[in-house]
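FYI, it's all coordinate maths here, none of it is from the lab. Quantities reported herein were computed from a predicted structural model and do not represent experimental measurements. With ideal geometry, Cβ positions are generated from the backbone for all residues, glycine too; neighbour counts draw on all protein chains shown.
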Amino acid sequence: MIILSILLFLGIIVVHYFLNKNEILSKVYVKALIFKLFCGLLLYQLHLSFNILPDLIFYEQDILRLSDYFWSDTLGYLIFLVTGKLNPAWMYTFATEGERAFFFVRYLSFMNLLAAKNMYLTNLYSSLMAFFGLWACANRLARWFITKNDSDIKIKKIKLALCIGFFFTPSVAFWASSMMKESFLWLIMGFLIAFFLDILKFFESKNYRIVGKNSDNTKIKTEISIFTGIVIKTILFFVLIICLFLLKYYYFALLVPLLFAFGISFFARNYFNKSIRFQFLLFLGGFVFIVGLASNLHPNLWFSRLTEAIFINQQNILATSDFESQINFTYSYDFEPTYHNYQNGEYKNFPTYLQLFEQSPKALLAGLFFPLEIDFSTFGAPKFNFYRLASVIENWIILFFFIHTISIKKLFHQIRSLVFPQKSTSKNNSLAILWLLGIFFCLGMATLLALSAPNLGALVRYKIGFLPFFIFGIFMRLD
């Protein structure tokens with residue numbers, strides 16, 4: 001059975017490779033895939049040796065039991081996989097707690113089933129799925145940023161920036177692999193963004209227009225094939241939106257409104273030929289409106305409870321964090337200190353939006369660049385944190401290149417071109433809004449993640465959802 005699972009795994013890779021051998025980034029496919037699978041195996045082996053991922057113990061217990069249920073009750077398992085409803089006859093209590101973890105276990109159990117219950121192969125399957133998501137997203141961005149009129153130097157620069165950001169950034173390759181939620185996150189988010197950009201490209205190219213009666217059969221078949229593919233991608237796009245909400249609703253709350261706002265501004269440019277200023281205002285207005293709608297989908301996203309949810313999660317993380325791993329936020333005004341703010345198992349008061357806003361600069365720096373320091377006095381001792389050392393080195397490199405990209409002259413020129421636009425192509429207008437989308441996503445997620453999860457170790461893992469875009473942007477701005 002394990003031999004068949006290995007052959008299936010290799011077959012999936014071969015099929016995916018031949019389907020993508022003509023993609024813009026195809027030259028790095030093999031190298032990127034090998035690096036991703038190696039990082040996945042390394043992470044799992046480190047977990048076995050040092051127990052660095054405690055949740056994996058519960059995941060393994062649940063997915064092994066669920067894989068057994070497939071053979072004893074195939075229909076019941078498939079119903080559970082789609083709906084999440086357990087067959088009462090199973091009489092099973094999950095070791096995993098929490099709705100999001102429970103949803104993730106359903107995905108892992110399917111990977112474990114394909115791997116014939118072998119944990120190493122399950123780890124490889126999960127890493128491979130994350131690679132597929134990263135690959136799809138990076139190549140769709142390449143199609144948007146590379147045009148026929150670009151010089152060879154610019155094309156190479158775009159390819160290099162995408163490869164470094166999505167495939168060869170160590171923390172992304174390491175943490176978005178193995179049996180981690182982040183691997184599933186990138187499977188969902190990568191294809192979500194890829195399908196969305198494909199849909200916009202379809203409407204931009206006008207392929208949806210009905211061909212004339214005199215068109216030949218080959219063209220008609222091509223048009224029908226393209227249209228069918230877009231219909232399927234549209235359906236999958238909305239399915240992935242639901243999956244993203246179930247897995248990490250805070251990524252959903254920011255990414256999905258940004259995508260739809262970009263879509264609105266895109267159609268304003270493509271069909272009404274509106275100026276870049278109008279597109280910019282429409283993008284901002286659409287984003288605010290859609291965020292207002294999305295905030296009603298989860299209690300922790302309600303505007304009346306958002307600060308409460310952030311603060312409670314913040315304090316829960318701090319309560320289980322070592323002092324050297326904490327990011328401490330100091331509140332002012334009439335907000336009571338933590339030790340006076342807890343009574344009978346509940347907090348009495350919560351920070352206001354203004355108080356959270358005051359902490360946002362520190363949270364933004366932490367989300368983008370922390371950790372930046374490490375205690376070398378413990379070097380060689382059992383408690384020395386090598387994972388943090390690797391993160392510190394990576395963050396200093398990112399910070400160095402980020403500082404190198406800062407140019408007041410460039411910033412002034414870009415603001416001026418946005419406020420006082422000169423003649424530009426509609427393609428450039430779309431890219432300008434797409435850049436804005438990426439900036440909002442990176443800055444917003446960095447701030448919110450640091451505020452709600454002020455633990456340096458957790459933050460290193462959580463931020464890989466936006467880190468590839470951030471690194472891509474940095475390398476694109478390098479001269």
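Numbers below:
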{"read-out": "Kyte-Doolittle mean at least 1.6, axial Cα span of 15 Å or more - DSSP H helices of the chain", "value": "2-19, 217-247, 276-294, 467-477"}
{"read-out": "Matching label, semi-axes √(5λ) of the Cα gyration tensor in Å computed from the structure shown, candidates [x] 35, 32, 24; [y] 32, 31, 19; [z] 36, 25, 21", "value": "[x]"}
{"read-out": "Estimated distance in nm for a label pair at Tyr353 and Arg477, the labels positioned 7 Å out from Cα along Cα-to-Cβ", "value": "2.7 nm"}
{"read-out": "Rel. contact order, % - alpha carbon contacts under 8 angstrom, at least six apart, the chain", "value": "17 percent"}
{"read-out": "Computed label-point distance, nm, for sites Asp68 and Lys154 using a 7 Å Cα→Cβ extension", "value": "6.1 nm"}
{"read-out": "Proximal charge balance of Ala136 [Cβ under 15 Å; K/R count +1, D/E count -1]", "value": "+4"}
{"read-out": "Expected 222 nm ellipticity per residue - DSSP helices of 4 or more, -39500 (n - 2.57), all of the chain, to 500", "value": "-24000 deg cm²/dmol"}
{"read-out": "Extreme residue, positive dipole direction of the stretch 1-127, given options Thr83, Ser26, Tyr120 (C-beta unit charges)", "value": "Ser26"}
{"read-out": "Over 26 Å between alpha carbons, listed pairs Lys154/Lys233; Lys21/Lys154; Lys159/Lys463; Lys36/Lys463", "value": "Lys154/Lys233"}
{"read-out": "At R0 = 30 Å, FRET efficiency that the Cβ-Cβ distance of His404 and Trp144 yields, to 0.05", "value": "0.75"}
{"read-out": "Leu48-Phe272 FRET efficiency (beta carbon distance; Förster radius 45 Å; 0.05 resolution)", "value": "0.20"}
{"read-out": "Full-stretch length increase - Asn316, Ile397 - with 0.36 nm per residue and alpha-carbon distance subtracted", "value": "26.1 nm"}
{"read-out": "Nearest-0.05 FRET efficiency for Arg305 and Ile242, computed from C-beta distance (R0 25 Å)", "value": "0.70"}
